[in-house]
Amino acid sequence: MQLPPAYYLPDGPGAFVATALTIGPWDPGLQHAGPPAALLAREVERTGGIDGGQPVRLAFDVLGPVPVGPVRVAARVLRPGRRIELVEATLEAGGRPVVRLTAWRMRVRDSAATAHPPQRLAVGPEDGRPAQFDVFSEEVAYHRSLEWREAGGSITATGPAAAWTRPLCGLVEGEPITPLEHLLVMTDAASGISAALDWSQATFANVDLVVALFRQPAGEWLAMDAVTTLGPGGLGQCAADLYDADGRIGRSVASLFVEPR
C-alpha cells in the first residue's frame, strides 16, 4: 500500500495541505485531532525564545472540526522570559481558527541527582501485540500512519488499554518527525484505544487535550496507558500516562462530548 510521505505537505510560509493520513474516524472529510496538535507544537517550538527549552504543558482547545485540506498555522509569545515562557499557536482552516494551543516552556537544567526513578510500562514495545484500528471508513487514514502494539487491554474492544506506537511517516514532508510531534499525534488517540462505548453506537469526540510533561520524549517508540470514564450527563474524560522506552514522561487528559449516533 502506497502511503503519503507525511501528514502535511508544505504550501508556502505557514501554509500546509493535509494528506489522507490525517483522516479521522468520525467523518472522512475531517482530520483526526492528533496531526493538527503536532503541527501546532512544531510551530510553538519554532517560535519560542528559550533556546533548548522544554514544553511542560500543552493545552489544546478544539474550536471546530478541522477539514482535510489546506490549513494555516501561526504562533506568538504571550509571556516572554529567560527561564519560563508562554507561547500561543493557532491553526486556521477556511479562514477561521479551529484549534488553539497555549504552551508553557521552561529552561532545562541538570537535576538528575534529585530525579525520581523512572516508572516503566510493564510490557515494552518489543513484547507488545501487533494491532490495528478497525473503525476507520477509509483504507488510508490516521490509523495507517503509526505502527500499533498493544501493551494492555485491547484497542479494538471497550475498556482501559495501553499501546505503543512508532511513526511510519513524517509530520511535514521533507522533515523527520520529532519525538514530541509523534507524542502529540499519538496522544489524541488515547480516548480511541480506551473507548468505553461501542464506536457504532456512540460518538465521543474530545473538545480539548492537555499534555503535561516532566521530561521530553525520546526514541522511536512511545506509549500511552489510557482509561476513559463516563459521567451521568453525556460527558466523559480520558486520562493517560505517557511513556517512552526509558519510562513515564507525563500525563494527558481530555474532555469528551458523548452522544448516541
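Values as computed for the structure displayed
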| item | result |
| --- | --- |
| Odd one out for residue 150 among (1) of a type outside the set (S, T, N, Q); (2) more than 30 Å from residue 50 (Cα to Cα); (3) crowded, with 21+ Cβ neighbours inside 10 Å; (4) in contact with a Gly (Cβ under 6 Å, 6 or more places away or on another chain) | (3) |
| Pick from the stretch 183-227, criterion of a type in the set (Gly, Ala, Ser) and surrounded by fewer than 17 Cβ atoms within 10 Å (Cβ to Cβ), ranking: farthest from residue 143 (Cα to Cα) | 212 |
| Every residue from the stretch 156-182 that is buried (at least 16 other Cβ atoms within 10 Å of the Cβ), hydrophobic (A, V, I, L, M, F, W, C) and either over 22 Å from residue 238 (Cβ atoms) or out of contact with any Asp or Glu (no Cβ under 9 Å at 6 or more places or on another chain) (or both) | 169, 171, 172, 177 |
| 1 or more residues under 15 Å from the mean Cα position of the chain (by Cα), modelled with pLDDT under 95 and under 20 Å from residue 39 (Cβ atoms): qualifying strands (runs of 3 or more DSSP E) within the stretch 159-261 | 202-206 |
| Any hit, the stretch 140-153, residues being among the basic types (Lys, Arg) and assigned to a helix (DSSP H, G or I) | yes |
| Qualifying residue in the stretch 44-60 (condition: part of a strand (DSSP E or B), within 21 Å of residue 208 (Cβ to Cβ), more than 15 Å from the chain's Cα centre (by Cα) and of a type outside the set (Gly, Ala, Ser)) | no |
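The values are calculated or read from the model by the stated rules, or taken from the named source; none is laboratory data. The model shown is predicted, which means the values in this text are computed figures rather than measured ones. Glycine also receives a Cβ, built like all others from the backbone with ideal geometry; neighbour counts cover every protein chain displayed.
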